[in-house]
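A quick write-up on the structure given underneath.
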Amino acid sequence: MTNFRNWLKNTQARRAGIPRLRTMRGLPDVLTLGDLSVVYQPIVSLATMEPFAHEALVRSNSPHWINPPKLFDEAIQSRCVGALGRAIRELSTTHCPGMPLFLNVHPNEFDESWLVQPDDPIFTHDSIVYLEVTESVPLTHFAYCHSVLREIRGKGVLLAVDDLGAGYSNLKYIADLKPEMVKLDRTLIADLADDRRAQVLVRHIVQLCHELGARVVAEGIEQETEMRVVIDCGADYGQGYYFAYPACPAPGVSEAPIEVMRENEDGARLRTGPTGS
């Protein structure tokens, strides 16, 4: 994180309304002394089995902050989610140059106004950036969040709605935000291969997202059967341990799904036979 300590000091000097990091009971070390790291997990085209983009996932090397949710909980208590998010974005773009990135945004970051700073790494990354927001943004904050996102998207950043189906499932949220990408939560994918009613539901959700102009990522794919059924349901992309575990440098796709695609192509050629040429 090049000169992040100086950047943070100067930024907070200009913005006196944000509490200084020295009040955060240990969080300054995480942000400025190299205790943060990121790993990347590919988001895979289900048509080609090649990485379309990578999602950056934060990790803490500090024994006090091993669990990312705990790190964010402390940042919320200390009102420094914006600084934490900025640090993660700096790391993410630095270690994954030239690749499309999915970057998570915590709902509280909208309150601290960090995302609209003109020198944010999302505006200088040398490939496409998708900001992932969840359905958990409070409706009381929706109008303000929408205006912030509109400003960011006006500068070329794209939007992904994360965790669709993870408890809120407000499809009007998709219509209002007009995201370029929607990510289906693992809860919709688990046991999908054995549940015909769930398949009907997911197929219709995918169709609705397509009609609203969004492509669909199926998250949490861990088995071949899950991959096959989300392909059948019309999803555009897949993500999960079946394709690759999060790692740094950014990993490629494991051999198993690639082999499945080859087998499908070989089978299609055999079915068509010489007359299909």
Can you tell me which of Phe110, Phe102 is within 30 Å of Ala256 (Cα to Cα) and touching a residue at least 12 places away in the same chain (Cβ under 8 Å)? Phe102
Go through (1) modelled with pLDDT of 95 or more; (2) buried (at least 18 other Cβ atoms within 10 Å of the Cβ) and name the single condition Leu192 misses. (1)
For segment 44-127, which helices (runs of 4 or more DSSP H) that fit wholly inside it have 3 or more residues that are modelled with pLDDT of 90 or more? 81-94
Name the helices (runs of 4 or more DSSP H) wholly within segment 163-251 that hold at least 2 residues that are more than 18 Å from Leu103 (Cα to Cα) and more than 18 Å from the chain's Cα centre (by Cα)? 171-177, 196-211, 224-232
Looking at (1) part of a helix (DSSP H, G or I); (2) at pLDDT 80 or above, find the lone condition where Arg22 falls short. (2)
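Any residue at all in segment 62-83 that is touching a residue at least 60 places away in the same chain (Cβ under 8 Å) and aromatic (Phe, Trp, Tyr)?
Step one: of segment 62-83, the residues touching a residue at least 60 places away in the same chain (Cβ under 8 Å) are 79-80, 82-83.
Subset that is aromatic (Phe, Trp, Tyr): none.
No - not one qualifying residue is present in segment 62-83.
The values are calculated or read from the model by the stated rules, or taken from the named source; none is laboratory data. Given the structure is predicted, the values throughout are model-derived calculations rather than measurements. In this analysis, Cβ positions are derived from the backbone assuming ideal geometry, glycine residues included, and neighbour counts consider all displayed protein chains.
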